[in-house]
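Right, one structure below, let's go through it.
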Amino acid sequence: MGTVIDLIATIVAILGLLGAVGYGGYLLMLQSVANKRPGASHLVADARKRLPAAGGLTLGALVALLLTSGGIAPDIIGLLLGGGIGLVSVNQLQAARRRLSNPGSSV
């Protein structure tokens, strides 16, 4: 039973880490492209403002992944933490993409 929980917790934590790294990478690519375009300083400022949160999500996902190497209790904590971070990261990524497609609205 402990092996199954460990496997599920590890997979969820890895998926959370992938979501957090994907969000951070998207912001970095957005900032890089916006730096090269004239008149896109608002995008650079928006991406720069959100980068610390993306870094914090990535750090939290790494902690969740480390927690999955313990017993059953740390596995469950790592599962919840990794899943929550993954959901927040994907939600923030989708919100950033919506803001880009509708620059006039503040979502």
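Every number in this text was worked out from the coordinates using simple rules, so none of it is lab data. It should be emphasised that the depicted structure is a prediction, and the values quoted were computed from it without experimental measurement. Virtual Cβ from ideal backbone geometry, glycine too; neighbours counted across all protein chains shown.
Look at where the Cα atoms of segment 1-15 and of segment 30-63 average out, and the two centres are 31 Å apart. Our summary gives segment 2-101 a relative contact order of 43 percent, counting only alpha carbon pairs under 8 angstrom and 6 or more residues apart. Dipole magnitude for the chain: computed about the Cα centre from +1 point charges on Lys and Arg Cβ and -1 point charges on Asp and Glu Cβ, it is near 700 debye. Placing unit charges on the Cβ atoms of the charged side chains and taking the dipole of the chain about its Cα centre, the candidate lying farthest along the positive direction among L51, S41, I77 is S41. I'm spelling it out carefully: the read-out is Cα Rg over 2.2 N^0.38 Å, the candidates are (i) 1.26; (ii) 1.04; (iii) 2.06, and one was derived from this structure. Which label? Calculated Cα Rg over 2.2 N^0.38 Å: the matching label is (i).
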